[in-house]
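Here the structure is laid out as C-alpha cells; the discussion comes afterwards.
The values are calculated or read from the model by the stated rules, or taken from the named source; none is laboratory data. What you see is a predicted model, and the numbers here were worked out from it, not measured in a lab. Neighbour counts are summed over all protein chains in view; Cβ atoms, including those assigned to glycine, are modelled from backbone coordinates with ideal geometry. The accessibility values were calculated without ligands, DNA or RNA, using every heavy atom of the protein model including side chains. Shrake-Rupley method; radii C 1.70, N 1.55, O 1.52, S 1.80 Å.
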Amino acid sequence: MPKISRVRAILTAPQKTNLVVVKVETDQPGLYGLGCATFTQRFRAVATAVEQLEPLLVGRDVERIEELWQLMYQHSYWRNGPVLNNAIAGVDIALWDIKGKMAGMPVYQLLGGKCREAAAVYLHAQGRDEKQLEERCHMFLEQGVHHIRIQCGEFAYGGRDYSGHRPDGSLPGVYYDPRAYMRLSLKTMEHIRKVFGDRVEILHDVHERLSCADAVDFAKQCESLRLFFLEDALPPENIDWFANIRQACTTPLAMGELFNNPREWIPLISQRLIDFMRMHITQMGGLTPARKVAVMGELFGVRTAWHGPGDVSPVGHMLNLHLDLASPNFGIQEFSPNYNWDPDKKLGMDERLQEVFPGCPELRNGYLYANDNPGLGIDLDESAAAKYPPIDILDEWTQSRLPDGSLHRP
Ligand code: MG
C-alpha cells in the first residue's frame, strides 16, 4: 500500500495572482497528487502550514483520506481558520487525485459518476458604464455564455466610485458610497434586462457592501429583474438577516465564499434561507467536507455554485468541475477565463495557466468540460511554474472605506 513520502507547497503566479498548489508524493515511483490551497492574500502563511503538516503525514497510508482529514483537522487543536483549512484542503485534494490515479478513474467517478456531461458556467461582465457592459454581454452571448454576472463601476464590486467630499485627513483606501452603488446597480441591471430580454441570465454580487436594512431593500428591488441569483447580500457576521430577505421577496440568494466554519453554512442550508451554496472549497477544507455539504444541500433543495474566481488555481477549478459533474443539485459554476475582452479571441483558460497546468478544463459554448484521465486529470509543470514566482502585493481593494472615511468590509 503506497505511503506518503513528501508534502510540499508550490507557489506560482502566472497571471500575477499568487497561487498555492500542494504536491503529495508517495513511495511508489510516479504516483503523486495535486491539490489547491490558494488563499492568495496570505499565501506564505498557507505554505508554512503545509510545511508543518508534512511530519504528521509522512509514512501514512495514502488511501485513508477521511482518517487523514480528521487527523489534520484536530491535530492543531484550534481549527476552522482560513490558513489551516487551505493547507488541509491542499493535502486532501491531492489525496483524492492519488486515489483516482490508483483506481484508474477520474475523481467524478469516485463521487458516483456523471450526472451531466459538462458544467454550465457564469462569467463576469464588469463595465465602467452601460455601453461597455452591453458590448461585453454581446461578446459572451456570441460564444454561447448566457449566465452573466453584471457589475457596474470600473472595479466590479461597486468600489472606487466615490468622488464626493470626505472629512479632512481621511485615510487612504478604496472609497465608495453604498447607496449610490445600490442605485447604479439597479439601473444597470434594468438596462441589461431591457436590451437583452431573457437571453441573459443576470447574476449580481453585492460583496457584502450594504447595510443589512439596505440589503433587504436591494434584494426586494431586484425581484422584478428576475435574477438567476443575488450573491453575498449580507456579510457572514450578519447571516441571521437572510430570514428578513426571504420574507420580503423571492429573489434567489447565493452565499458562502467567505465561510470557514460548518456553523456558518448549516443554518442557512437547513433552514432553506439560501438557494445556492457558494463556498470556496479550499477555504472549507477540501473535497472531503465539500462533498458532504453538497449532499446536505441536495436533501434541502439548495443548489451548488462553488466559488471559482481567478484566485483559485486550475487544480481547484478542476476539482470544482468534478464535483459539479457528479452532484445532482449542481446549479452553476463560476469560472475565470482569459478576460481580455478581445471579441476575436476564444474564451478559455489563460495561456500562461495552461502552460503551467497541463490538462486545464475546457470552456465550450458556455459549458466547462473535464477530461477522462484518472484522478483530477490536471498536472503541474514545475519548471514552468518557477518562471512565474510569487509576488508580494499589498491589496488595496480590501481597504475599502465609506464616504466618512470609516472602514467597511469589502
Ligand atoms: Mg463573490
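Key figures for this structure:
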item	result
Condition met for Asp311 (acidic (Asp, Glu), within 15 Å of the ligand (Cβ to nearest atom) and not in a helix (DSSP H, G or I))	yes
Residue in the stretch 35-81 that is least open to solvent (accessible area, probe 1.4 Å), counting only those that are in a loop (DSSP other than H, G, I, E, B), hydrophobic (A, V, I, L, M, F, W, C) and closer than 30 Å to Trp397 by Cβ	Ala37
Subset of the stretch 273-285 that is farther than 12 Å from Asn80 by Cα and touching a helix residue (DSSP H, G or I) at 6+ places or on another chain (Cβ under 7 Å) - its residue that is farthest from the ligand (Cβ to nearest atom)	Leu273
First in the stretch 221-245 and over 12 Å from Phe276 (Cβ atoms) and touching a residue at least 40 places away in the same chain (Cβ under 8 Å), second anywhere and outside any loop (DSSP other than H, G, I, E, B) and open to solvent by 60 Å² or more (accessible area, probe 1.4 Å), Cβ under 6 Å, 6 or more apart	none
Test: residue in the stretch 276-288 that is over 17 Å from the mean Cα position of the chain (by Cα) and open to solvent by 20 Å² or more (accessible area, probe 1.4 Å)	no
Strands (runs of 3 or more DSSP E) contained entirely in the stretch 155-257, each with at least 2 residues that are assigned by TED's automatic domain parsing to the domain that holds Asp311 and either of a type in the set (D, E, K, R) or more than 16 Å from the ligand (Cβ to nearest atom) (or both)	201-205
Residue list for the stretch 189-227, restricted to those being open to solvent by less than 10 Å² (accessible area, probe 1.4 Å), under 29 Å from Phe259 (Cα atoms) and out of contact with any His (no Cβ under 8 Å at 6 or more places or on another chain)	Ile202, His204, Asp205, Val206, Leu210, Ala215, Phe218, Ala219, Leu225
Per-region count, the stretch 314-338, residues among the aliphatic types (A, V, I, L, M) and outside any helix (DSSP H, G or I)	1
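Condition check ((1) within 16 Å of the ligand (Cβ to nearest atom); (2) basic (Lys, Arg)) across all residues:
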residue	(1), (2)
Leu287	no, no
Gly297	no, no
His322	no, no
Leu325	no, no
Glu334	yes, no
Asn340	no, no
Arg352	no, yes
